[in-house]
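Computed from the coordinates by the stated procedures, all read-outs in this text should not be read as laboratory data. Just so we're clear, the structure is a prediction, and the values are computed from it rather than from any experiment. Neighbour counts run over all protein chains shown; Cβ positions are idealised from the backbone, glycine included.
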Ligand code: NAD
């Protein structure tokens, strides 16, 4: 379904008027890059029940299964390139309009699109490497895959023998506190909170749009399907994220992006 020109124009005007946009992304921004989301038809949840953190810790067999599943996803995301949405968000950051990109995604595409690492807050970690849960040593995924191929068991840390896991946050795993604190601070300072491609059903990440409203930002939601937060939002666009952003923020219109600096000088 195509969003109305009026809705898109309203969102475009709100983006042009904002000075401290916080962009919040979910799996829907990366579907056009060939990475499936969780909940759409054919999405990952229709294929697998997620493995909880406690199950991962408890059983070597479960860890091996988790790695085997992860490599199927990783093969879909490792060569993915940023899409239109990622590129437009990177332009908003580059123009000083957006202060941070808070993402639930683990695919590294915001970094690949050129957003500086220090402005990306990965709430659910990063799926392009692994960490030892005991000593924190970083391990590369090619090494983990080779270990699994060689031993038919989940890899153990080369330094301390601890459990190694992708650097992602599983259900039931504690959230990264420092990142969450920075996400709260960015949200508190935002004048426009732009939630893109998220079902807004995964907590505590999904509290951020609500907090943004409470702390005084306008809230915009771009998602293919309705979310529980639509009633709270100032702008709701049920459409493809890349199409919606490309229409709301036409490229080649730097004045649109640079309104802040021209007004502020
Ligand atoms: P989700 O799967 O719960 O929701 C994605 C939403 O995006 C859905 O509501 C869907 O309708 C919408 N969508 C799909 N394609 C779209 C498009 N082209 N344009 C606009 N909307 C579109 O994902 P979530 O809210 O991010 O939360 C699920 C969890 O899944 C997160 O914790 C995340 O870590 C993880 N995940 C990440 C990736 C990734 O890194 N790319 C992929 C799958 C799952």
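The rows are residues; the columns are (1) assigned to a strand (DSSP E or B); (2) out of contact with any helix residue (DSSP H, G or I) (no Cβ under 6 Å at 6 or more places or on another chain); (3) surrounded by fewer than 16 Cβ atoms within 10 Å (Cβ to Cβ).
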{"site": "164", "(1), (2), (3)": "yes, yes, no"}
{"site": "167", "(1), (2), (3)": "yes, yes, no"}
{"site": "173", "(1), (2), (3)": "no, no, no"}
{"site": "181", "(1), (2), (3)": "no, yes, yes"}
{"site": "187", "(1), (2), (3)": "no, no, no"}
{"site": "195", "(1), (2), (3)": "yes, no, no"}
{"site": "202", "(1), (2), (3)": "no, yes, no"}
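Which number in (1) away from the ligand (no atom under 13 Å from the Cβ); (2) in contact with a strand residue (DSSP E or B) (Cβ under 6 Å, 6 or more places away or on another chain) marks the one condition that residue 152 misses?
Condition not satisfied by residue 152: (2).
Wholly within segment 74-158, which helices (runs of 4 or more DSSP H) include no fewer than the required count, namely at least 3 residues that are in contact (Cβ under 8 Å) with a residue 12 or more places away in the chain and buried (at least 21 other Cβ atoms within 10 Å of the Cβ)?
So the answer is 84-94.
Residue by residue through segment 9-33, note down the ones that are within 16 Å of the ligand (Cβ to nearest atom), within 16 Å of residue 237 (Cβ to Cβ) and not in a helix (DSSP H, G or I).
Of everything in segment 9-33, those that are within 16 Å of the ligand (Cβ to nearest atom), within 16 Å of residue 237 (Cβ to Cβ) and not in a helix (DSSP H, G or I) turn out to be 23, 24, 25, 26.
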